[in-house]
Amino acid sequence: MKNFPLPLNAEETILNCDEKSVYIKNSLLGYNVIFGTLWLTSQRLVFQSSILGNSFAYPVKRIVKALRADVNIYYKVSRYQSKTYDAALYLEFDNGGREYFIPQDIAGFAQAILDAKVSAPSLPYTQTPPLRSAVEQGNRGLWVILGIMVGIVLLFLCTACACLVLPSLLSVLGGTGG
């Protein structure tokens, strides 16, 4: 088992660990699939990225729902290969935040979280969970790209009008040049 990435709190024990877990991270154009390790302790849910080693934690007591959810999460493995996940561990927090993880045993992890929540102490958030999840928003990336394209077209039209109309306007107003 990998080393736990954070210092353990007083009376905190590791209950579950999945070294082949996935975190669905929100991004501007939708979501990113981040591979790493997911730990459940008697007080926190902790994820550490495999590539960068970044980690974050959520207090178990602040999790309101933990269940298996049907999803359609897609990511490209290579130019010619892709992978789709049809289920994920859905977590809802007491602040309305939502997160998605994909451990190997989704239902088992959800039940372990609910069991640990009963005796977990109330801890503050060290990182606030996002209120909206890219998994639920579907093609948010498409709308962002379309907005950027519309902005580029409007910028071009404004620039073209300024380059064509401004010299004409100056000549009509009597600009004779120096």
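Observations on the structure shown:
- Evaluated against (1) farther than 16 Å from residue 47 by Cα; (2) out of contact with any strand residue (DSSP E or B) (no Cβ under 6 Å at 6 or more places or on another chain), residue 105 falls short on exactly one condition, (1).
- Being basic (Lys, Arg), closer than 22 Å to residue 130 by Cβ and modelled with pLDDT under 95 holds for only one residue in 76, 65, 25, and it is 25.
- Matching residues, the stretch 52-62, being at pLDDT 90 or above and either part of a strand (DSSP E or B) or on the phi > 0 side of the Ramachandran plot (or both): 55, 56, 57, 58, 59
- Meets criteria (at pLDDT 85 or above, out of contact with any strand residue (DSSP E or B) (no Cβ under 6 Å at 6 or more places or on another chain) and on the phi > 0 side of the Ramachandran plot) for residue 151: no
- The sole residue among 80, 58, 74 that is farther than 25 Å from residue 5 by Cβ and in contact with a Lys or Arg (Cβ under 9 Å, 6 or more places away or on another chain) is 74.
- Test set (1) surrounded by 13 or more Cβ atoms within 10 Å (Cβ to Cβ); (2) within 16 Å of residue 129 (Cβ to Cβ) - residue 42 fails condition number: (2)
- The number of residues in the stretch 1-15 being in contact with a strand residue (DSSP E or B) (Cβ under 7 Å, 6 or more places away or on another chain), free of Cβ contacts under 8 Å to residues at least 40 places away in the same chain and either exposed (fewer than 13 other Cβ atoms within 10 Å of the Cβ) or of a type in the set (Lys, Arg) (or both) comes to 2.
- Residue list for the stretch 72-119, filter: open to solvent by 20 Å² or more (accessible area, probe 1.4 Å), in a strand (DSSP E or B) and touching a residue at least 12 places away in the same chain (Cβ under 8 Å): 72, 75, 84, 85, 86, 90, 92, 98
- If you filter the stretch 26-37 down to residues that are touching a helix residue (DSSP H, G or I) at 6+ places or on another chain (Cβ under 8 Å) and surrounded by 15 or more Cβ atoms within 10 Å (Cβ to Cβ), you find that the one that is farthest from residue 89 (Cα to Cα) is 30.
The values are calculated or read from the model by the stated rules, or taken from the named source; none is laboratory data. Small disclaimer: the values here were computed from a predicted structure and weren't measured. Every residue, glycine as well, gets a Cβ built from its backbone with ideal geometry; the counts of neighbours run over all protein chains shown. With ligands, DNA and RNA removed, areas are computed over all heavy atoms of the protein, side chains included. Shrake-Rupley method; radii C 1.70, N 1.55, O 1.52, S 1.80 Å.
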